[in-house]
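*Asks:* Got a structure for you, written out below as structure tokens; questions coming shortly.
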Amino acid sequence: MSLDFSINSVQIAKILCDIPSVSGNEQEVADLIQESLSEFSHLSVERISNNIIAKTNLGRDKRVVIAGHIDTVPIKDNVPAKFIEDDTILWGRGTVDMKSGAAVMVKLAAELAEPLWDITWIWYENEEVAETLNGLKQLADSRPEELAGDFAILCEPSNAEIEGGCNGNIRVRVYAEGTRAHSARAWLGDNAIHKLGSVLQALANYQAATVNVDGLDYRESLSAVGIEGGVAGNVIPDAANIHVNYRFAPNKTIEDAYQFLTGFFAPLRVEIVDAANGARPGLDSEFAAVFISAVGAETRPKYGWTDVARFARLGIPAVNYGPGDPNLAHTDNEQVPVAQIIRVEEGLRAWLQG
Ligand SMILES: [Zn+2]
């Protein structure tokens, strides 16, 4: 089966939504994208697992990478998609996250035979599940040259505005230690749980910073997300710990974040559970300025960690720009204004075609 490119990206979005592709089951939707694009002589199309890479090779002096995942979270009576409210809204699983963005990419990949810059289009699998399965991560690890470029866009939902970079993310455990004793003779022990009281108070009182990075304001968060301790109902506990999550602005490294946390919780021991660097918005480059003015969208900070950071790690500035409200992603009521799909298609077309 192959797409008919006389239809617009809104209709393509509906077709992609109507092919279920919950993570791990992307084959059919990947087949459709691959078969539809392989007929175009301006594209070289390659498939690795259920990841499709379509490239122009026109010898332009710059290359942009435009990527999006083709899997969705599980379906909840919301496939097939349907048009509602006088056809102004497309409703259903994947309409926001992110088959509308994937559809715009398919439409433009087919039609932009002479773009101003060479383009690498990537549709990838397994974004909504464990990071080890993530198609873009697998490409970044095994074929980093496929991700090479001067600027990257992920067509993740951003309300058709430009969301730059993302906060970093570190989880730590903060350990309090004491001495065990029978609770009938508590004075012989040293209660580790009690020592966490001042830590919790400090977390509750903490005013997280807002940090301006490359012109965008990133709001940080520092939160207790779990607590453990206790031996038995008649024992003064000798150990307790708090699980803390710190979302830090992208001008900081994991090391900076860890230094901050060890200072904040001193003298308690702080151990890293996991951590990921953020990504600077990358909107201060000349090339990004051309993109921003061509698409005519607002620029905003992104708070959650996204695959944008994978490009940042490869030294490629990257942003999110796609149709749909990210707050509706993964909800049973996923829906996208048709006008946003069209706006993103027109924005990218204006930028890539000049
Ligand atoms: Zn997504």
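The values are calculated or read from the model by the stated rules, or taken from the named source; none is laboratory data. Because the structure is a prediction, the values reported are computed rather than measured. Note that we place each Cβ from the backbone using ideal geometry, even for glycine, and neighbour counts take in every protein chain shown. Protein only, heavy atoms only, side chains kept; ligands, DNA and RNA dropped before computing areas. Shrake-Rupley method; radii C 1.70, N 1.55, O 1.52, S 1.80 Å.
*Asks:* Could you list, bin by bin from short to long, the percent of Cα-Cα pairs of region 87-192 in 5 Å steps?
*Replies:* Reading upward from the zero bin: 2, 8, 11, 15, 16, 10, 6, 4, 3, 4, 5, 5, 4, 2, 1, 1, 0.
*Asks:* Checking the cross-link filter: which aspartates and glutamates have an alpha carbon closer than 14 Å to that of Lys302, excluding same-chain neighbours under 8 positions apart?
*Replies:* Glu156, Glu161, Glu163, Asp214, Asp217, Glu220, Asp325
*Asks:* Calculate the tail of P(r) for region 190-240: the fraction of all Cα-Cα distances greater than 13 Å, expressed in %.
*Replies:* On the way: 866 of 1275 pairs.
Result: 68 percent of Cα pairs exceed 13 Å.
*Asks:* Also: Scattering from the C-alpha atoms of region 130-218 alone, worked out with Debye: what is log10 I(q)/I(0) at q = 0.13, 0.18, 0.22 1/Å?
*Replies:* -0.79, -1.04, -1.22
*Asks:* Please list, ordered by chain and number, the residues whose modelled amide H lies under 5 Å from the amide H of Asp71; skip anything fewer than 5 residues away on the same chain.
*Replies:* Under 5 Å from the amide H of Asp71: Asn126, Glu127.
*Asks:* Going toward the positive end of the dipole of region 1-153, with +1 on Lys and Arg Cβ and -1 on Asp and Glu Cβ, which of Leu43, Val65, Asn25 do you reach last?
*Replies:* The residue sitting most towards the positive pole is Val65.
*Asks:* A further question follows. Which order, highest average first, do 226-234, 136-144 follow once you tally other Cβ atoms within 10 Å for each residue and take the mean per peptide?
*Replies:* Details: 226-234: 12.1, 136-144: 15.7.
Listed from highest to lowest mean packing, they are 136-144, 226-234.
*Asks:* Further question on the same structure: Given 4 °C and 1.567 mPa s, how large is the Stokes-Einstein diffusion coefficient of region 218-273 in µm²/s, with Rh as the Kirkwood radius over Cα pairs? Write down the numbers at each step before the final one.
*Replies:* On the way: Rh = 13.0 Å.
Answer from the Stokes-Einstein relation: 99 µm²/s.
*Asks:* A follow-up question, please. Relative to the Cα centre, what is the charge dipole magnitude of region 168-275, using +1 at the beta carbon of each Lys and Arg, -1 at the beta carbon of each Asp and Glu, and rounding to the nearest 20 debye? Walk me through the intermediate numbers first.
*Replies:* Details: 9 positive and 11 negative charges, 68 e Å.
That gives region 168-275 a dipole magnitude of about 320 debye.
*Asks:* Run the helix sum for the chain: -39,500 (n - 2.57) per DSSP H stretch of 4+ residues, divided by residue count, reported at 222 nm to the nearest 500 deg cm²/dmol.
*Replies:* Values: 9 runs with 99 residues, N = 354.
The helix-only estimate for the chain comes to -8500 deg cm²/dmol at 222 nm.
*Asks:* Excluding ligands, DNA and RNA, what is the solvent-accessible area per residue of region 1-109 at a probe of 1.4 Å, expressed in Å²?
*Replies:* Details: 4280 Å² over 109 residues.
Averaged over the residues of region 1-109, the accessible area is 39 Å².
*Asks:* Of all accessible surface on region 168-275 at a 1.4 Å probe, what whole percent is carbon and sulfur? Don't skip to the end; give the middle numbers.
*Replies:* On the way: 2800 of 5700 Å².
It is 49 percent, rounded to a whole number.
*Asks:* Right, here's the next one. Specify, per residue and in Å³, the volume enclosed by the convex hull of the alpha carbon atoms belonging to region 168-275.
*Replies:* Details: hull volume 9.4 nm³, N = 108.
Taking the convex hull of the Cα positions in region 168-275, it is 87 Å³ per residue.
*Asks:* Can you tell me the accessible area per residue over region 186-334, all protein chains present, probe 1.4 angstrom, in square angstrom? Mind showing how you got there, number by number?
*Replies:* Working: 7320 Å² over 149 residues.
Accessible area per residue: 49 Å².
*Asks:* Rounded, prolate or oblate for region 55-123? Axes are the square roots of the Cα gyration tensor eigenvalues, ordered a ≥ b ≥ c, and the cut-off for rounded is a/c under 1.5. Intermediate values should be presented prior to the final figure.
*Replies:* Working: a/c = 4.27, a/b = 2.27, b/c = 1.88.
The shape class here is prolate.
*Asks:* Classify region 1-158: rounded, prolate or oblate, from the alpha-carbon gyration tensor (a ≥ b ≥ c, eigenvalue square roots; a/c under 1.5 rounded; otherwise prolate if a/b is larger than b/c)? Please list the in-between numbers first.
*Replies:* Working: a/c = 1.84, a/b = 1.31, b/c = 1.41.
Note, shape of region 1-158 comes out oblate.
*Asks:* Accessible area of region 1-123 with a 1.4 Å probe: how many percent of it is carbon plus sulfur? Don't jump to the answer; show the numbers that get you there.
*Replies:* On the way: 2200 of 4650 Å².
So the carbon and sulfur contribution to the accessible surface is 47 percent.
*Asks:* Give Lys107/Lys252; Lys137/Lys252; Lys55/Lys107; Lys195/Lys252 a once-over and call out the pairs whose C-alpha atoms are over 26 Å from each other. Walk me through the intermediate numbers first.
*Replies:* Values: Lys107/Lys252 38 Å; Lys137/Lys252 22 Å; Lys55/Lys107 14 Å; Lys195/Lys252 29 Å.
Those over the limit are Lys107/Lys252; Lys195/Lys252.
*Asks:* So if the hydrodynamic radius of the chain is defined as the Kirkwood radius over C-alpha pairs, what does Stokes-Einstein give as its diffusion coefficient at 37 °C and 0.692 mPa s, in µm² per second?
*Replies:* On the way: Rh = 22.0 Å.
Estimated via Stokes-Einstein, D reaches 149 µm²/s.
*Asks:* Dividing the convex hull volume of the alpha carbon atoms of region 244-354 by its residue count, what do you get in Å³ per residue?
*Replies:* Values: hull volume 14.4 nm³, N = 111.
It is 130 Å³ per residue.
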